[in-house]
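Undergrad: After the structure tokens below, expect a handful of questions from me.
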Amino acid sequence: MEKSCREILTGVLALCVLTGCLASDLPVLPPSAAAETVGLTGELEILHYLDGAKLELWEQFVEEFTDMHPGVVIKTTGIDYENFLPLMHSRAAAGDLPDFWQAAPVEVADLVKAGMVLDLKRAGVIDRLPLKGNNIFAECSWGDDGAIWGAPYSMTVCALFYNKDIFDSYGLKAPVIQSEFLEICKILKRNGVDPFIRANSDYQSLYADLCCELIPRLIAKGHADYYTRLMNGQSTFADYEEFRLATDNMLVRYNWSRPDDMENDMRTAAEKFAAGEAAMYIGQLTAMTQVMDINPDFNLHCVPFPFTEYQRINHKMVIELDDGWMINANAEAPEVAIEWLKFLYETEQAQRWSDRVGLLMVQTGLDISGQKPYLRELAYVHRSGKTVQNCVPTLIGEFAGQWPACLQSWIANPQRSTDMLIENGQNVFDVIIASQK
């Protein structure tokens, strides 16, 4: 029997109007549904946007699972992220959603509202996952009002990553406070070394540079509703001193820029960083996994980004729930989807994912002793509680389309200033808000 088939879909499909059942129609699975694995049978269609090391390991998992359950056939379909959400909406409109897909609930909030997503809490799924003491699922955008719409699998981190070989060459130690950080930048530049590599053609990389300071400041002041209030017109950019401070400090770092800052995408920046063209990268762990794929011997280390003179405050590293999985509320074989989810969360698979892909996992108790130094450092910071979780809701609709262009246009302007970004950003939001009235 063919145990799995894989199909790659391409092309952008148009967004369509969603139809679906009411949230109250969600199935409640019997407690024994996921436990009865003997003779498990059925087909499972999975849609994802995995690539590289993630995709290689995913395919191994599929093969192993179908070896364990010969009566199960898994069809796993991969598509690039740019086309992923349009495809999901198109299939939802056609009543043809996959059984299981990769996404965070905030990315498919309309599907959740239309009752197309299984409430993992109500169905009793979360309690049957092999986790140890984690209460992570209901945080941020993964759940609301007691419901849990998706199961996060790994975490990404915003931090200061550095090439320790370059630091060692000039007798530099990882900075703990802002003045140490700025002095390192000056020393490197005096010795002909670029302090930073950037990937500003990629909005997420540019925004992560800002968020390393902005998110800890916002969360510390209780402003997790920052984006929501901006989009509703309840607040303005000028109302947030945290935004001004983070932008001011970001511009200080741009005293040490490179001609290719705006040209590099994440992959190009990773290649240049792996080749030793700069000493530091401020941003997401996702980019660093590419660096390690390119150069497995790269001496990568990291610390929380030091944006003040106060060591205690600087010990906050921004984490975000990253890869995660959701189940169709109307899946034909929900017991297969749930058993597959349980398989992914077993310690053996989670350990392999962390080791091979180079990400932190939501599971506790994994062995990090054999992992790269930067992963051990990240795990230590996380386990020590020296992190802040990014619970600031993402932009949606026209805001999500126009804010990235505004930020990139601003950073590319030689005359850029904090006041300019505050004014330009507010103008963009005001126009969108006025158009929605």
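The numbers here are math on the coordinates, done by the rules we state, and not lab data. All figures in this text were calculated on a predicted structure; none of them were measured in a lab. Using ideal geometry, Cβ is built from the backbone for each residue, glycine included, and neighbour counts are taken over all protein chains shown.
Undergrad: Over region 300-437, one equal point on each Cα, no solvent: what is log10 I(q)/I(0) by the Debye formula at q = 0.11, 0.14, 0.18 Å⁻¹?
TA: -0.72, -0.96, -1.08
Undergrad: Normalised by the empirical 2.2 N^0.38 Å for globular proteins, what value does the Cα Rg of region 346-385 take?
TA: On the way: Rg = 9.3 Å, N = 40, 2.2 N^0.38 = 8.9 Å.
Normalised Cα radius of gyration, region 346-385: 1.04.
Undergrad: Taking H as built 1.01 Å from N, whose amide H comes closer than 5 Å to the amide H of Gly283, not counting residues under 5 places away?
TA: Residues meeting the criterion, in which the H sits 1.01 Å from N, are Ala159, Phe161.
Undergrad: I would also like to ask the following. If you rank Thr77, Thr364 by fewest surrounding Cβ atoms within 10 Å, what's the result?
TA: Details: Thr77 17, Thr364 13.
So the residues, fewest neighbours to most, are Thr364, Thr77.
Undergrad: What's the ranking of 110-120, 290-300, 350-360 by average number of surrounding C-beta atoms within 10 Å, highest first?
TA: The peptides rank, most packed first, as 110-120, 350-360, 290-300.
Undergrad: While we're here: Averaging over all projection directions, find the projected area of the Cα convex hull of region 246-311 and quote it in nm² with one decimal place.
TA: Approximately 5.2 nm², given one-decimal rounding.
Undergrad: Please list, by residue number, everything in region 170-199 whose backbone N is under 15 Å from a paramagnetic label point 7 Å out along Cα→Cβ of Glu309.
TA: 176-183
Undergrad: What are the ³J(HN,Hα) couplings of region 116-123, residue after residue, when phi is run through the Karplus curve with 6.51, -1.76, 1.60 and θ = phi - 60°? Round to Hz, x for glycine and proline.
TA: 8, 10, 5, 6, 5, 6, 5, 7
Undergrad: Which of the lysines could a cross-linker span from Lys316 if the Cα-Cα distance has to be under 18 Å and same-chain partners fewer than 8 positions apart are dropped?
TA: Here the lysines satisfying the reach criterion relative to Lys316 are Lys221, Lys386.
Undergrad: Further question on the same structure: I need the semi-axes of the equivalent ellipsoid of the chain: take the C-alpha gyration tensor, multiply each eigenvalue by 5, square-root it, list largest first in whole angstrom.
TA: Details: eigenvalues 286, 142, 77 Å².
Computed over the chain, the values are 38, 27, 20 Å.
Undergrad: Which value in nm describes the separation of the simple spin-label points at Asp225 and Gln402, placed 7 Å from the Cα toward the beta carbon?
TA: A separation of 2.4 nm, rounded to one decimal place.
Undergrad: Another one. Using alpha carbon centroids, what distance separates region 148-174 and region 350-379, in Å?
TA: Between the Cα centres of region 148-174 and region 350-379 lies a distance of 13 Å.
Undergrad: Along each principal axis of its Cα atoms, how long is region 237-366 end to end? Whole angstroms, biggest number first, please.
TA: Taking the Cα atoms of region 237-366, the three principal extents are 57, 42, 31 Å.
Undergrad: Using the Kirkwood radius over C-alpha pairs as Rh, can you work out the diffusion coefficient of region 175-328 via Stokes-Einstein at 4 °C, viscosity 1.567 mPa s, in µm² per second?
TA: Value of D from the Cα-based Kirkwood radius: 77 µm²/s.
Undergrad: Quick one: angle between helix 285-294 and the longest Cα principal axis of the chain, in degrees between 0 and 90, rounded to 10, please.
TA: Between helix and principal axis, roughly 90 degrees.
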